[in-house]
Each structure stands twice: as C-alpha cells, then as structure tokens.
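Everything below concerns the one structure shown next.
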Amino acid sequence: MFNDIGPLELVTLVVLAVLVFGPDKLPKMIQDVSRTIRKIREFSESAKQDIRQELGPEFKDFEFEDLNPRTFIRKQLDNDDLGLKEIRNGFDLKKEMAEVTDAVHGRDSDSAAASSGSSGSSSGTSGGSVDMTKKRQSLEPDERPPFDADAT
C-alpha cells in the first residue's frame, strides 16, 4: 500500500504526527486508526462473501479484481482459447505497409514483394517510403484529369 514512501518521507510524517497530535495523544490515535482500518477490511470481506453467496455456486471463483477493466482485458488477451496469439504473431506490419504503398503507387504487390525480399531490409525507395508531395503532372490536351474521391 505504501510502497512509494521513502525513509525521509516516513520520518517527516512521524514528526508531523508528533507535532499535530502531541506525544501523549499519538499512541491512542494510532490505535484508533488501526482499529478503524481493521473494521473497514472486515466489512469489505463480509460484503464480498455476501455477494459471492448471492451469485451462487457457479461464481465461486469470482474475483472482484476482475471488475477492473485493465485486469479483465489482460486476462482475456492472455486466454489462448480465442487464438489471438496466432493472429498477433501472423501480422507483419512491414509487409502490410509495403502492400499499401504499392497499391497507392499502382505497382503490382507480387513483383514489389519479390524485389523488396531480394534487397533485404536495406532502406530504399522500392516500397519503404511514400512520397507525400503533390506533383502536378502535365495532361495532354484531350486527356481528363484523374478522379479524386477525397476531393468531391
């Protein structure tokens, strides 16, 4: 619970407690606080047991920590029944990005994959980068401009 309190901070808290409550009232205050914490824990445990009994025998291994969304998602993703590990391992981001780049440039993805596979992982212009500058191509007098779905 107090894992992040260092020794200097602990000494500071003790000195503040002695100054605020005084040396004669401090032991009684510590007993009262520890008694209150103990009662809160007992109340919490009894409430958890009551909820488990009300849910029935099919929820006997129910953990309240599972109600935390982060814990729930982590348990579901670690569950191998869904086959998510195979999907995660089978997804190659570099290959997918190269295919998208080839599709944008209008190249055949099979020939680009063969040329990028033969060149290894060296950085080149064959499919690793996308030219984001808009270049105006000159059109023939009887040629229509290309259709841009995003512009309409």
I'm trying to understand the selection: among the residues of the range 7-46, which are open to solvent by 70 Å² or more (accessible area, probe 1.4 Å), within 30 Å of F64 (Cα to Cα) and not aliphatic (A, V, I, L, M)? Q31, R35, T36, R38, K39, R41, E42, F43, E45
Which one is modelled with the highest pLDDT, of the residues in the range 100-117 that are surrounded by fewer than 15 Cβ atoms within 10 Å (Cβ to Cβ) and acidic (D, E)? D108
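The values are calculated or read from the model by the stated rules, or taken from the named source; none is laboratory data. No experiment lies behind these values; they were computed from the predicted model shown. Note: ideal-geometry Cβ built from the backbone for every residue, glycine included; neighbour counts use all protein chains shown. Remember, those area values only see protein heavy atoms, side chains included, never the ligands or the DNA or RNA. Shrake-Rupley method; radii C 1.70, N 1.55, O 1.52, S 1.80 Å.
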